[in-house]
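Just so it is clear, none of the values below were taken in a lab; they were calculated from the coordinates. Predicted, not measured: the structure shown is a model, and the values here were computed from it. Positions of Cβ are generated from backbone atoms using ideal geometry, with glycine treated the same way; all protein chains shown enter the neighbour counts.
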Amino acid sequence: MTANGDRVITFQRLHASGCFVMPNPWDAGSARALEQMGFKALATTSAGFAWTLGRADNQITLGQALEHLRSIVAAVKVPVNADFEGGFAVDPQHVAENVKLAAGTGIAGLSIEDSTGDETHPLHDFDLAVARVRAARRAIDESGTGVVLTGRSEGFVCGRPDIDETIRRLRAYSDAGADCLYAPRIDKIEHIAAIIAAVSPKPVNLLINAPFMTVAEAATLGVRRISVGGTLARTAWAGFLQAASEIADAGTFSRFERLPNVDALFRDR
């Protein structure tokens, strides 16, 4: 068994029972720090990575994304789930080709989302969206990697907050071969519970990007996996921007107190 194969098996087992938190680093350093804190798996964040390049979310290329995945995987020993956006393609066959490339980076899981980036038509048509998940499933099976496939429905992110349509899509993605289901920006207990009931026994990922729920409360509902998206990266950016703004505006440095010894995190690696 290869090291990556072991990580895939570990990741699969994490989805079998209980509830685990899979925070989202944005570079190798943040990934290593989170691993040292004891998190059992990590996930990339397309937004957090894009910001390191001075770009907005969804403005990175396939090549940049693949290189980023290799970097994060190489930095840690725990399983890494890839925020693979929409597969960097629309056509299902092209999605499949790109998923195979992603599976070859050493990741243990990846997600495919159904948003289009077009404000006038923000979600892929239902049949196309399902076909894209089915193509990703086929690509993973052909790769022989066992990578965990997450089907994402983005209605609550892109201005179509329809819980019934979200559930319809998640059920269809489950039937198309998704191992885990995920609808970002769902934050109502009744909606979370409805999704879990609709796709059971498949595991559900919950995004917690605001303090609306604890890990214990999510576990009680039956959530299997928790991620934070770009929120840890935004937290880091908040500290940076506040300190830099104080210097620029007031010429003072009051935020340069009680700072962590970051060097100590990595000295023995």
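Filtering segment 40-56 to residues that are in contact with a Phe, Trp or Tyr (Cβ under 8 Å, 6 or more places away or on another chain), surrounded by fewer than 19 Cβ atoms within 10 Å (Cβ to Cβ) and part of a loop (DSSP other than H, G, I, E, B) leaves only Lys40. In segment 203-228, the residues that are more than 18 Å from His15 (Cα to Cα) form Cβ pairs under 6 Å with partners that are in a helix (DSSP H, G or I), at six or more places apart or across chains, as follows: Asn209/Thr231. Among residues of segment 255-268 being surrounded by 10 or more Cβ atoms within 10 Å (Cβ to Cβ) and either more than 28 Å from the chain's Cα centre (by Cα) or of a type in the set (S, T, N, Q) (or both), the one that is farthest from Leu241 (Cα to Cα) is Phe256. Within segment 15-31, track down each residue that is more than 20 Å from Val147 (Cα to Cα) and buried (at least 19 other Cβ atoms within 10 Å of the Cβ). Result: Trp26, Ser30. For segment 108-137, the set of residues classified as touching a helix residue (DSSP H, G or I) at 6+ places or on another chain (Cβ under 6 Å) and of a type in the set (D, E, K, R) consists of Asp114, Arg132, listed by residue number.
Only one of the numbered conditions (1) within 30 Å of Leu53 (Cα to Cα); (2) assigned to a loop (DSSP other than H, G, I, E, B); (3) more than 19 Å from the chain's Cα centre (by Cα) is violated by Ala210, and that is (3).
Scan segment 98-117 and tell me whether some residue there is more than 24 Å from Gln59 (Cβ to Cβ) and not in a loop (DSSP other than H, G, I, E, B). No, every residue in segment 98-117 fails to be more than 24 Å from Gln59 (Cβ to Cβ) and not in a loop (DSSP other than H, G, I, E, B).
Per-residue answers, yes or no, for (1) of a type in the set (Lys, Arg); (2) under 30 Å from Glu119 (Cβ atoms):
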| site | (1), (2) |
| --- | --- |
| Arg7 | yes, no |
| Ser17 | no, no |
| Asn24 | no, yes |
| Ser30 | no, no |
| Ala33 | no, no |
| Lys40 | yes, no |
| Thr45 | no, yes |
| Trp51 | no, yes |
| Ala56 | no, yes |
